[in-house]
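Q: Below you will find the structure I want to go over with you.
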Amino acid sequence: MLLLDGKRQVAKLETAELFIGDRACFCIPHRYLQSFYGQIGFVVIDENEAPAFLQARCAKYRDAYGLDVIIMCRPSGGYGG
């Protein structure tokens, strides 16, 4: 995995926020990135609340690849933070 310097990480996060706009959006990040995505309004959700295809993908990432991932959602309406 390519690690970017702090300024580039923030720039990419801001670009993602502009792209998402006020639509609901899900992501499956590594657990250690929870606070990073939380900066633009993503919150961890119970996997049972996620769409079935995301539940399956998350399970595959854990079972087949041994990744420590979580499902996060950014509700519609955007983020005012």
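Q: How many nm is it between the label spots at residue 27 and residue 59, if each spot is 7 Å from the Cα in line with the beta carbon?
A: Result for the modelled spin labels: 2.5 nm.
Q: Also, I was wondering about something else. 7 Å from Cα along Cα→Cβ at both residue 47 and residue 76: what's the point-to-point distance in nm?
A: A separation of 2.7 nm, rounded to one decimal place.
Every number here is computed from the coordinates shown, using simple stated rules; none is lab data. Predicted, not measured: the structure shown is a model, and the values here were computed from it. Every residue, glycine as well, gets a Cβ built from its backbone with ideal geometry; the counts of neighbours run over all protein chains shown.
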